[in-house]
Amino acid sequence: MNFRTLIATIILALIAQSAHAASEWVYLYKAMNDNAIIVRKNGDAYQIEKGVGCLSMWRFEGKAVLISSPGLFLGVGSELILPDADQKCRIWDSSSLGSIDGLTAPAQSQPSQQSSGCEDGHWIQSIAGNGEIIKLEDGSIWEVDGVDTVTSSIWLPISNITICGSYLINTDTGEKVSATRLK
């Protein structure tokens, strides 16, 4: 395999991975040490086993949390994100519990988009989900469009950011990604 073929294979793999990447708000029904029961908006419940990093998970019982999955929902590489606590952890294992009668996840309201004017003076506090989720210093959380995660995944925390409508512009590199404000 020559160098160009190798590079093309890597790029195609990254594009395929980002094409299926998704973040989803779920309801944390019950927290139990390193295990939890979560419920999707459609009512499907799952038991998950988490890794280290989400020490405050118990505080989110009965609230919405974010699941970032690079492929299938709760597949390999998925993370549980506790945005208000600035914590994230890997999901090691999951099993479907089916639908639980009478239990549905509360709807997560989506904050409105920024106006068309630009707002500078921001910087990246953290990046999660292979560039899919970006948290800025003001606490705002942005979901990067799947096509642009190849770009945002290599951005560094503390990079300067300008918000222009539904775009985040890394003023250190000049790169721009399309993003939706989640919080």
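The values are calculated or read from the model by the stated rules, or taken from the named source; none is laboratory data. Note that the structure is a prediction, hence the values are computed from the model and not measured. Cβ coordinates were reconstructed from backbone atoms using ideal geometry, including for glycine residues, and neighbour counts include every protein chain displayed.
Worth a mention:
- Filter pass, VAL39 being under 20 Å from SER95 (Cβ atoms), surrounded by 12 or more Cβ atoms within 10 Å (Cβ to Cβ) and at pLDDT 90 or above: yes
So that you can scan it fast, the table gives a plain yes or no per residue for (1) part of a strand (DSSP E or B); (2) at pLDDT below 90; (3) closer than 28 Å to CYS164 by Cβ:
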{"site": "GLY77", "(1), (2), (3)": "no, yes, no"}
{"site": "CYS89", "(1), (2), (3)": "yes, no, no"}
{"site": "ASP93", "(1), (2), (3)": "yes, no, no"}
{"site": "GLN110", "(1), (2), (3)": "no, yes, yes"}
{"site": "SER116", "(1), (2), (3)": "no, yes, yes"}
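- Residue satisfying all of: in the stretch 67-82; among the hydrophobic types (A, V, I, L, M, F, W, C) and either more than 17 Å from ALA45 (Cα to Cα) or assigned by TED's automatic domain parsing to the domain that holds GLY129 (or both); surrounded by the most Cβ atoms within 10 Å (Cβ to Cβ) among these: ILE81
- Tally of residues being of a type outside the set (S, T, N, Q) and at pLDDT 60 or above across the stretch 13-36: 12
- Restricting the stretch 161-182 to residues that are of a type in the set (A, V, I, L, M, F, W, C) and closer than 21 Å to PRO70 by Cβ leaves a set whose member that is surrounded by the fewest Cβ atoms within 10 Å (Cβ to Cβ) is LEU182.
- Selection from the stretch 118-131 of residues that are assigned to a strand (DSSP E or B) and either crowded, with 18+ Cβ neighbours inside 10 Å or of a type outside the set (Phe, Trp, Tyr) (or both): CYS118, GLU119, ASP120, GLY121, HIS122, ILE124, GLN125, SER126, ILE127, ALA128
- Some residue of the stretch 138-160 being more than 18 Å from the chain's Cα centre (by Cα) and surrounded by 15 or more Cβ atoms within 10 Å (Cβ to Cβ): yes
- Failed item, numbered, when GLN125 is tested on (1) in contact with a Lys or Arg (Cβ under 9 Å, 6 or more places away or on another chain); (2) modelled with pLDDT under 90: (2)
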